[in-house]
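Participant: Take this structure first; my questions come after.
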Amino acid sequence: MKMNYETNRLLLKVLPDTAAAQVLQFYLDNMEIFDKYEPERSEQFYTLQYQKMILQCEYNLAIRQSTVRFWVYRKQNLDQIIGTVSLQNIRRGFYQSCELGYKFDHRYWKQGYAKESISQCIEIVFHEMKLHRIEAQVLPENVDSQKLLLSFGFVQEGIKQHGIKLHGAWQDHEVYALLAKE
């Protein structure tokens, strides 16, 4: 697996800690949008030092291929992150699976960037990493994300009850899966 991939319009990169300012700006620009879908963040999260530390950790995890986060840029502007796609909980052995996560800057929604990025990651998972299964979890009210997953052939397998605590309350998530073609 490489640390950088190109699609028609995008560059997907595992970032070093020197990109912390870009990552911080991405989170600051989307704080209100992401707040609905993610656990509460401490004020420390929104600091350059914290993002630098996270990038160092994520880079090491990518080297070991246990979690890989790609930061997404439009080729025409490599100074601004427009999204991120991650492959988390990569399990080998009997499982050969991972979890897919993604989030995109709200200013770039409905332009096909998430679809293009996820398509590249599916290719990486099944053809380079040789995994068998990709899972994704979505809040039931996140219809756009559900439609996106279904467009790739993901199948809803059920509900993970009280799977994550968001804003003081346990939330259910719909579980989706995509299997490698045999």
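Participant: Sort 35-47, 123-135 by packing, meaning the average of other beta carbons within 10 Å per residue, with the highest value first.
Facilitator: By packing density, highest mean first, the sequence is 123-135, 35-47.
Participant: How long is the gain from His167 to Tyr59 if the chain were fully straight, where each residue apart is worth 0.36 nm and the alpha carbon distance is subtracted? Could you put the intermediate results ahead of the total?
Facilitator: Details: separation 108, 0.36 × 108 = 38.88 nm, distance 2.86 nm.
Separation in residues times 0.36 nm, less the Cα-Cα distance, equals 36.0 nm.
Participant: Could I ask something else about it? Treating the beta-carbon of each Lys and Arg as +1 and of each Asp and Glu as -1, no other charges, what is the dipole magnitude of region 11-102 about its Cα centre, to the nearest 20 debye?
Facilitator: That gives a dipole near 520 debye.
Participant: Where the only charges are on Cβ atoms (+1 Lys, Arg; -1 Asp, Glu), what is the dipole of the chain about its Cα centre, to the nearest 20 debye?
Facilitator: Dipole of the chain, to the nearest 20 debye: 520 debye.
Participant: To the nearest 20 debye, what charge dipole does region 96-182 have about its Cα centre, counting +1 at the Cβ of each Lys and Arg and -1 at the Cβ of each Asp and Glu?
Facilitator: Roughly 120 debye for region 96-182.
Participant: Of Leu87, Leu61, Ile122, which is farthest towards the positive pole of region 4-132's charge dipole, taken about the Cα centre with +1 and -1 on the beta-carbons of Lys, Arg and Asp, Glu respectively?
Facilitator: Farthest towards the positive end: Ile122.
Participant: Arrange the following residues from fewest to most other Cβ atoms within 10 Å of their Cβ: Lys75, Lys181. Numbers along the way, then the final one.
Facilitator: Numbers: Lys75 11, Lys181 6.
Lowest count first: Lys181, Lys75.
Participant: What does the C-alpha gyration tensor say about the overall shape of the chain? Classify as rounded when a/c is under 1.5, otherwise prolate if a/b is larger than b/c, or oblate.
Facilitator: rounded
Participant: Calculate the length of the line joining the C-alpha centroid of region 152-182 to that of region 84-104, in whole Å.
Facilitator: 13
Participant: By counting other Cβ atoms within 10 Å of each Cβ, how are Ser66, Ser117 ranked from fewest to most?
Facilitator: The fewest-first ordering by Cβ neighbours comes to Ser66, Ser117.
Participant: Sticking with this one: In what sequence do Lys147, Lys103 fall when counting other Cβ within 10 Å, fewest first?
Facilitator: So the residues, fewest neighbours to most, are Lys147, Lys103.
Participant: Let me ask something else about it. Counting helices only, and only those DSSP H runs with n ≥ 4, report the 222 nm mean residue ellipticity of the chain as the sum of -39,500 (n - 2.57) divided by its residues, in deg cm²/dmol to the nearest 500.
Facilitator: Rounded to the nearest 500, it is -8500 deg cm²/dmol.
Participant: Ok, one more. If you average the sequence gap of Cα pairs under 8 Å that are 6 or more apart and divide by the length of the chain, what percent do you get for the contact order?
Facilitator: After rounding, I find 19 percent.
Participant: Distance check, please: which entries in Lys52/Lys160; Lys13/Lys75; Lys36/Lys110; Lys115/Lys165; Lys103/Lys181 exceed 21 angstrom between their Cα atoms?
Facilitator: In this structure, Lys52/Lys160; Lys115/Lys165; Lys103/Lys181 lie more than 21 Å apart at Cα.
Values in this text are rule-based calculations from the coordinates and carry no lab data. Owing to the predicted nature of the structure, the values given are computational and were not obtained by experimental measurement. Cβ atoms come from the backbone with ideal geometry, glycine included; neighbour counts cover every protein chain shown.
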